[in-house]
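Structure record follows, encoded as structure tokens.
The values are calculated or read from the model by the stated rules, or taken from the named source; none is laboratory data. As the structure is a computational prediction, the values presented were derived from the model and not from experiment. Cβ coordinates were reconstructed from backbone atoms using ideal geometry, including for glycine residues, and neighbour counts include every protein chain displayed. With ligands, DNA and RNA removed, areas are computed over all heavy atoms of the protein, side chains included. Shrake-Rupley method; radii C 1.70, N 1.55, O 1.52, S 1.80 Å.
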Amino acid sequence: MSSAKTVLRHSLFVLIGLSSFAQAATLKIASVSPLSGDLSPIGTELRRGVELAVEARARAFKSQGYDLLLVPFDDQASASRAGGIARDIVADPAIVGVVGAVNSSVSNVIAQVFEGAQLAAVSPSSTDDTLTTHGWKSFSRLVAPDRAQAIAAATYLQEEANAKNVYIVSDNTAYGNGLSTSVQDQLRRRNITVSGYVGISDAAALAGAVKRIVDSQPDTVYFGGSDDTGAELVRALRTAGVTALFIGGNGLDAPSFAKRAGSAAAGVVYSTVYGPVSAYSGSEVFEKQYTARYKSAPTGRALMAYDAANVLLSAINTTLKSPAVLPTRADVSGAVRKVKFEACVNKSALLCESISGPVAFDPRGERMRTRVMLMRLGSDAKANILSTKTVAAESLR
């Protein structure tokens, strides 16, 4: 009888121990991007890239006692919504890191809130030069800043397009204004005339800008802004008979730009920090899995979001100290800055930690090596690579 009780007690102890270990902690990462409104196509690309990374690593986290979940937030590309979203994220103690935002204006707001909470944010998209000048320890990004794109665009206009007279248009967003200002500076350094600069934020302003450009007769129109406004502008210019070269930044690197612009997209040149997925070694499996899951081909934005999520998840993994105990946000932020990924050299993308190339960050949160591509859209709306340049973070200080 005594022996039977001992066995029973031992069995109960084992069952309780197993049950306790099976109680996995819920560990969340958030994504912040526009999931509704005009920029929802590119915001959805970000969410999907993060989603694939989370699903690929969920089993490994589960084996360590964590249920890994993604919580997507819709910022509608609005800086005015960003503060509330950031506070909601901070209020959830299970969220230990964020991928986003897309828009620089949104990143500027959420990064300030996250810095106070020591919550890591890795942006696969925001390019405003000033984002890494505030001394923030929790914000990092995977893409080259505006200045790198401005140098690439100005060099192309000087050496390839032989531009003499450039009219600059911004969509009046933080991204558009920052990029346009950087381009203006680079053009003047090369003694290329900037015949005008105008911001457009509504239909009346766009119509006014078109009239000014018609009167100015530039050989080039540079646009800094997102694909929705860019498409409206180039369509209006072509309708007004303006045949000048239309060139812009990575805001135009989206299938939705060519779709919205229609035949006016032919010949448009843009710089991009993404580029086509096919330009990255080891992207084949990622592309197949993405296409199978979402019934559409991924863009470079989705790939960069996938890599940003892997940076964050790898950093989180290094901070896990005991099963089912959440890491501190401060530890995760510090770990992100220590991430070092080698280049992907095999053909199994989901086995690669980074498809877009080596990853390491400088003390400001800039990626040590990034790429800027120049692309031209053909009459079939397909983009062709004109050039690719590797940018070192130290060269942009």
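Looking for whichever is open to solvent by 10 Å² or more (accessible area, probe 1.4 Å) and on the phi < 0 side of the Ramachandran plot here; the options are 227, 253. Which one fits?
253
Taking the stretch 175-202 only, how many residues are farther than 18 Å from residue 131 by Cβ and open to solvent by less than 20 Å² (accessible area, probe 1.4 Å)?
6
I'd like the residue in the stretch 267-284 that is in a loop (DSSP other than H, G, I, E, B) and of a type outside the set (A, V, I, L, M, F, W, C) and, out of all such residues, is nearest to the chain's Cα centre (by Cα).
The residue in question is 274.
Can you report the number of residues in the stretch 52-97 which are in contact with a Lys or Arg (Cβ under 8 Å, 6 or more places away or on another chain) and among the β-branched types (Val, Ile, Thr)?
Result for the stretch 52-97: 3.
Quick one: how many residues across the stretch 28-40 are out of contact with any Gly (no Cβ under 9 Å at 6 or more places or on another chain) and at pLDDT 95 or above?
1
Residues of the stretch 277-321 being among the small types (Gly, Ala, Ser) and either open to solvent by 50 Å² or more (accessible area, probe 1.4 Å) or in contact with a Leu (Cβ under 9 Å, 6 or more places away or on another chain) (or both), which ones?
Once the filter is applied, which keeps residues that are among the small types (Gly, Ala, Ser) and either open to solvent by 50 Å² or more (accessible area, probe 1.4 Å) or in contact with a Leu (Cβ under 9 Å, 6 or more places away or on another chain) (or both), the stretch 277-321 yields 278, 281, 282, 283, 292, 297, 302, 305, 308, 309.
For the stretch 73-174, which fully contained helices (runs of 4 or more DSSP H) count at least 2 residues that are within 18 Å of residue 301 (Cβ to Cβ), touching a residue at least 24 places away in the same chain (Cβ under 8 Å) and open to solvent by less than 10 Å² (accessible area, probe 1.4 Å)?
In the stretch 73-174, 104-117, 146-159 are the helices (runs of 4 or more DSSP H) which contain 2 or more residues that are within 18 Å of residue 301 (Cβ to Cβ), touching a residue at least 24 places away in the same chain (Cβ under 8 Å) and open to solvent by less than 10 Å² (accessible area, probe 1.4 Å).
For the list (1) crowded, with 20+ Cβ neighbours inside 10 Å; (2) not in a strand (DSSP E or B), I need the number of the one condition that residue 214 fails.
(1)
Take the residues in the stretch 154-192 that are of a type in the set (Gly, Ala, Ser) and out of contact with any Gly (no Cβ under 7 Å at 6 or more places or on another chain), then tell me which one is farthest from residue 215 (Cα to Cα).
174
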